[in-house]
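Right, one structure below, let's go through it.
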Amino acid sequence: MEGFLFALLPALTWGSLVLVSEKLGGNSYNQTLGITIGSLLFAIMMSFINPPEWSSLVWIVGIISGIGWAFGQLFQFNSVKEIGVSKTVPISTGLQILGNTFFAVIIFREWNDKVTIIIGIVAIICLITGVLLTSYGDGDNKKEGSMKKGVFYLAISTVGYVTYVIVVRWNEVDGWSAILPQAIGMFLAALLLSIKHTPFNKYAGRNILTGMMWAVGNIGLLLANPKVGVAIAFSFSQMGIVISTLGGIFLLGEKKSKKQMAFVIIGCVLVIAGGIMIGFTKE
């Protein structure tokens, strides 16, 4: 039971992170910098509570991973400004799962039997269909931003997020040991990216809260993995897109027609289903 509660933390905290950050205000640079400050403070606290083992490899890999995350988060926020939370999060989630799955299959050879391959192919079909459905627009909801620009930002975001995950996996670095180096990389990259955009203001200060939220979710995932397994922990973490997507519609007032709403809900279900199936190919 304890393991499942840990596994729910990423869904709850990561799923509501973009919503909370949008409510707290600021541009994408303020938001990203604030999150990294919160994450860094949390990582420093955790390093005193439970000191990890560090090596030069852990520091190098962790910092590179953190830099990747900063690019991923910044451009995800840029996409939100263009196409809204309810479209950005499902598409971003689907692209991240597809990107990580590509490396899992091609580089790490995780799909090594017929059953796994069949599950994986069905999962990818669900993901692609889900992403297409959530991005559907029927012409009655014109936005200031463009879909094309939003998707371009998400492409860059996906490269950053996949780098954040894969570089740690490639070098077989322990997740707990990487927390502080990652947080330092996140902060330094966010600072450099936002230095020309008046980064230190009240909005960056407010978003320290979202950084703490992200860090709690990260710790939850690390604690859940050994208790319930990577597949279940990973699958649970995908549930957060429901919070983000529906929260964007009902809390942030992103308007949808009835037809769009139906497609968004079906798309979310398909992305979650695909994420769950991909999770079980990792067993």
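Since every read-out is calculated from the coordinates, none of them should be taken as a lab result. In this text the structure is predicted, and so the values were computed from the model without any measurement. Every residue, glycine as well, gets a Cβ built from its backbone with ideal geometry; the counts of neighbours run over all protein chains shown.
Computed over the chain with a Gaussian network model linking Cα atoms closer than 10 Å, the most mobile of 106, 37, 184 is 106.
Using a Gaussian network model of the chain in which every pair of alpha carbons under 10 angstrom is joined by a spring, one finds that among 43, 104, 189 the greatest mean-square fluctuation is at 104. Working note: Debye formula, equal point scatterers on the alpha-carbon atoms of the stretch 159-223, no solvent; log10 I(q)/I(0) at q = 0.18, 0.27 Å⁻¹ is -0.81, -1.31. Checking the cross-link pairs 148/256; 114/259; 23/148; 23/227; 196/256 against a 28 Å limit on the alpha carbon distance flags 114/259; 23/227; 196/256 as lying beyond it.
Stretching the chain fully between residue 128 and residue 114 yields a gain of 2.9 nm (0.36 nm per residue, less the alpha carbon separation). Oblate is the label for the stretch 159-283. Its Cα gyration tensor axes, ordered a ≥ b ≥ c, give a/c of at least 1.5 and b/c at or above a/b.
Along its first, second and third principal axes, ordered by size, the chain spans 54, 53, 34 Å in Cα coordinates.
Here, the stretch 1-134 has an Rg and a Dmax of 17.7, 49 Å when only alpha carbons are counted. Legend: helices of the chain (whole DSSP H runs) are marked when their alpha-carbon atoms reach 24 angstrom or more along the helix axis and their mean Kyte-Doolittle hydropathy is at least 0.5; marked are 2-24, 28-49, 56-83, 85-106, 114-134, 147-170, 175-194, 208-228, 258-280. Taking 236, 77, 250 as the candidate residues, the one with maximal mean-square fluctuation in a Gaussian network model of the chain, Cα springs under 10 Å, is 250. Each Lys and Arg contributes +1 and each Asp and Glu -1, all at the Cβ; summed about the Cα centre of the chain, the dipole is approximately 840 debye. Cα extents for the stretch 96-186 along the principal axes, largest to smallest and rounded to whole angstrom: 48, 42, 17.
Between residue 171 and residue 159, residue separation times 0.36 nm minus the direct Cα-Cα distance comes to 2.5 nm.
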